[in-house]
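Please read the structure below before turning to the comments.
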């Protein structure tokens, strides 16, 4: 084969094309032809897409192994599908005038080039994301066949899921900030559609709106960040572009810039760009202070919660920050902010999760908390931290999807009841759900052999290392990372506690179900994905950890290669971190067992004793109330005032314009009186006027 | 009389006929009178046509007038037939009775009402008789009040 990357390129296009095709087929044929078979195109499309993505992963792996060290940066396949726009770097003033201005020591106004190539590209980071997204989507789609069975708009669900997977795969594939933004919005829209899937339910409609609006805040920051990148770097493409004039325009994340870190603008500008990008990431990945939409998003169907609001879409922010690592590398301050936001979010969400009674809500807060961990890892700015963040992203996708699907299974069995106060002791009725859920809990809590342990431990180690590392060009009198390390340890304890609290409340204790429900084990289409995900949740951490394949593979990504080259040697032993986190986690589980296994009398006493803390946690730290007071309220008042202006001023003007012809008509109307003689008179006068003008002029 | 003077006279007569017809058409309410006025206007035009025809020594104008007279005769027949039907419809030929083509929301035009003829004897102002009492013919007197 002449082109060694030809394989990769074909696979690259197939990965997003298959879900799109499936979505279109479902949308067109679903309501009339397929009806209750509407899941087939999407399940097949996603399955094939997952296989293609895994092949792509293998192919990329093979290539990056074969590459010599020098050409590692080139180990990336591009497919430029078409050029959407290519406005060249032209002078706004004619060259002669520009030359004259330059002589007079004034710089002529310059137009920036605006190139947007619809380019798909692949590197290890993308390949990993693609495999995870398509694989988890495939399992969730299978699960949804059972879960959504008999729903009124069965086909609509699968069409949305197909559209979402298309958008998400494109989001990780595109090689341009503008297109990244487009698909960023597209996944947001799919999320909105799927949260409000049961739009007849007012809570679901409101939750969809809330998610959409809160995301707008983040997207606004993201858009500003993109503008700033364009003004600063003169392009939005990730890759280097060959200009028609023969020169090469260095892309933001292209090989030219990656090869020479000094090409990245340092200082305040870099910090501004990174912070604006971070605002966008905070919106999408539900980080403090924009995390309020995710818990409400649980109103959507549970497979959606598992797929979009736990495993895939919410990791888009993490992906974006990893992709922009070189930009963040230019600004240690911004990295510190990322770490602080991550740590804070992890802790706050964990505190809130401790007292929630809705199983899905607990999982939602735990998702926020785990995403906080990922941000914390990225915020260290070291290769160790970033690869730990990505590692956690992967493991989290599996075990959190597992937990959500388990919760969905419980909901399915109990006829939609998910409040932990209304049921307990389900382990006998639902053994498969119970055991897979337990594996998910162990992974989430971070117990030794399970996935969550390895990735969380890596993040803790990275933060610990950063706290004690001397970073050139960065001095802080306040030991931020030291504090964040302890915050992360505290969060690990809380995570273990609330996870097992939920498990014990749901599956242990006396068997108790709502009167109307007839609990039963879920059908095979639901338990099979649970089992597969459980296997991954149990094993993927150890598999990837062993042999350190993950680190070296991820380091082949162009965005990370430069950073990885700087990293000196392997990370030092961090056994004490692992021991500390394990001890903390075991204490957390032990406390949960002490309080929630058995009589559960102690916990009420504890809650009474810690009344203010309990109340704060139970009320979600009053985030919604504060936002209502500070933002929603004033905006409502403003909207009311504007509606008055609209109703009276604007509508008044419009009505006036409408009335004017009526009034004018009333002036002329009496001439049409139906009397023959008045018409004759008018004619005579008209003739006279004509004659008069003829004679006079 | 020279030709120009003749033309002038004929045009003046034509214009007078046309003007009298126009005023009659606009002022009278009886449809037959209006129709007559319209005929008058037509004849006014005809007279001026004849005048010009003579002035230019061209028979075309007079030919046209003959046609106009023929057409006017047909037109008169049709118009009279219409008038008969209209009279049968309303029992009157007052043109203000037909004004349904006005704007919907305009009130009907009411002209000055002609007082209804009454049977009772009007009260005439009387002067103190002076000189010889004229001989009053009762039948004649009654007729005068109806003019």
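The values are calculated or read from the model by the stated rules, or taken from the named source; none is laboratory data. As the structure is a prediction and not an experimental result, all values here were calculated from the model. For neighbour counting, all protein chains shown are included, and Cβ atoms are generated from backbone atoms with ideal geometry for every residue, glycine included.
Quick look at the values:
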quantity: Flag if residue A:597 is modelled with pLDDT of 90 or more and either under 30 Å from the mean Cα position of the chain (by Cα) or under 30 Å from residue A:355 (Cβ atoms) (or both); calculated: no
quantity: Output for the stretch A:156-185, where each listed residue is in contact with a helix residue (DSSP H, G or I) (Cβ under 8 Å, 6 or more places away or on another chain) and not in a helix (DSSP H, G or I); calculated: A:174
quantity: Filter result (away from every other protein chain (no Cβ under 11 Å) and surrounded by fewer than 17 Cβ atoms within 10 Å (Cβ to Cβ)) within the stretch B:17-35; calculated: B:20, B:30, B:32, B:33
quantity: Test for residue A:338: is it assigned to a helix (DSSP H, G or I) and closer than 23 Å to residue A:147 by Cβ; calculated: no
quantity: Matching residues, the stretch A:255-283, being closer than 16 Å to residue A:563 by Cβ and free of Cβ contacts under 8 Å to residues at least 60 places away in the same chain; calculated: A:260, A:262, A:263
quantity: Residue check, residue B:75 over 23 Å from residue B:27 (Cβ atoms) and either touching a strand residue (DSSP E or B) at 6+ places or on another chain (Cβ under 9 Å) or more than 14 Å from chain A (Cβ to nearest Cβ) (or both); calculated: no
quantity: Which numbered condition residue B:68 misses (of (1) more than 14 Å from chain A (Cβ to nearest Cβ); (2) closer than 17 Å to residue B:34 by Cβ; (3) touching a helix residue (DSSP H, G or I) at 6+ places or on another chain (Cβ under 8 Å)); calculated: (2)
quantity: Count - residues of the stretch A:478-517 that are touching a residue at least 12 places away in the same chain (Cβ under 8 Å) and part of a loop (DSSP other than H, G, I, E, B); calculated: 9
quantity: Residue list for the stretch B:81-115, restricted to those being more than 12 Å from chain A (Cβ to nearest Cβ), at pLDDT 80 or above and out of contact with any helix residue (DSSP H, G or I) (no Cβ under 8 Å at 6 or more places or on another chain); calculated: B:81, B:82, B:84, B:85, B:87, B:88, B:89, B:91, B:92
quantity: Any hit, the stretch A:254-261, residues being in contact with a strand residue (DSSP E or B) (Cβ under 9 Å, 6 or more places away or on another chain), over 19 Å from residue A:207 (Cβ atoms) and surrounded by 21 or more Cβ atoms within 10 Å (Cβ to Cβ); calculated: yes
quantity: Boolean, residue A:333 is within 14 Å of residue A:271 (Cβ to Cβ) and in a helix (DSSP H, G or I); calculated: yes
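Here is a yes/no grid of residues against (1) under 30 Å from residue A:520 (Cβ atoms); (2) touching a strand residue (DSSP E or B) at 6+ places or on another chain (Cβ under 8 Å); (3) assigned to a helix (DSSP H, G or I); (4) modelled with pLDDT of 90 or more:
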site	(1), (2), (3), (4)
A:375	no, no, yes, yes
A:416	yes, no, no, no
A:427	yes, no, no, no
A:432	yes, no, yes, no
A:441	yes, no, yes, yes
A:453	no, no, yes, no
A:458	no, no, yes, no
A:474	no, no, no, no
